[in-house]
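Have a look at the structure below, then the notes.
The values are calculated or read from the model by the stated rules, or taken from the named source; none is laboratory data. Source: prediction; values computed, not measured. No Cβ is skipped: glycine too gets one built from the backbone with ideal geometry, and neighbour counts run over all protein chains shown. Keep in mind that these areas ignore ligands, DNA and RNA; they rest on the heavy atoms of the full protein, side chains included. Shrake-Rupley method; radii C 1.70, N 1.55, O 1.52, S 1.80 Å.
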Amino acid sequence: FFQRIVMVLPSLVARLLITLLGVVYPSYECFKSIAKIEGASSQQSADVLKRWCMFWIVFGCFVALEPVADSLIFWLPLYYEVKVAFVVYLWHPRTQGATFVYDSFIQPTLLHYEYEIDQKLDALTSKGQQLFQNYSAYGIKWAQRRAVDLFSYIQQSQQAGGRVGANAQGAAGGGNYSAPQ
């Protein structure tokens, strides 16, 4: 039991640090960069924005791959510490790790597979729109039927003297209750 707590604690601490150092701090730096852009030259602005866009692209890939890595190599010594150090490496001005990872790995890979990715995304978008249309039409028909059932039930109860559940046997309750389903 104690070993489980010890193994979970580093991942919880790492998750907190990754959130603070990988999301909160870079978000705040983006906020400051946007505020500084107004007074900077257009080239400086473009460089700052490009650097932060690269960070968010690389960090997005990191977050997408993290569950796979967590399930396969969590047992390596200092695994969680390396994850935290990697996130700091990505945004730190001296290392500019996000720029290196983006230029070396992500950009070439995305450029190579861009056409196939776009084709798959277009197909998924089309399929998603089709599913939404089909299920929304089904949902609207279902809601319409339920509304008609409800109004019929209300009308029947009003005709029976305003007593809910009243039927030909009277309001004493001996009959079947047929509320809308």
query: Lys32 accessible area, nearest 10 Å², 1.4 Å probe?
result: 70 Å²
- line: For the range 1-160, the percent of accessible surface on carbon and sulfur atoms (probe 1.4 angstrom, ligands and nucleic acids excluded) is 67 percent
message: Not counting ligands, DNA or RNA, and with a 1.4 Å probe, what is Asp103's accessible surface area in Å² rounded to the nearest 10?
response: 70 Å²
message: For a Förster distance of 22 Å, can you work out the FRET efficiency between the beta-carbons of Phe100 and Cys53, rounded to the nearest 0.05?
response: 0.90
message: Can you compute the FRET efficiency between His112 and Glu66 using 1/(1 + (r/R0)^6), with r the Cβ-Cβ distance and R0 = 22 Å? Round to the nearest 0.05.
response: 0.40
- request: Using a 1.4 Å probe and ignoring any ligands, DNA or RNA, find the accessible area of Ile154 and quote it in Å² to the nearest 10.
  value: 70 Å²
query: In what order, largest first, do Glu29, Glu81 sit by accessible area if the probe radius is 1.4 Å?
result: Glu81, Glu29
field: Residue-normalised accessible area of the range 72-130, given per residue in Å² at a 1.4 Å probe
entry: 76 Å²
query: Given Cα pairs under 8 Å that are at least 6 residues apart, what percent is the relative contact order of the range 43-131?
result: 31 percent
statement: Taking only protein heavy atoms and a 1.4 Å probe, the highest-to-lowest accessible-area order of Val48, Val82 is Val82, Val48
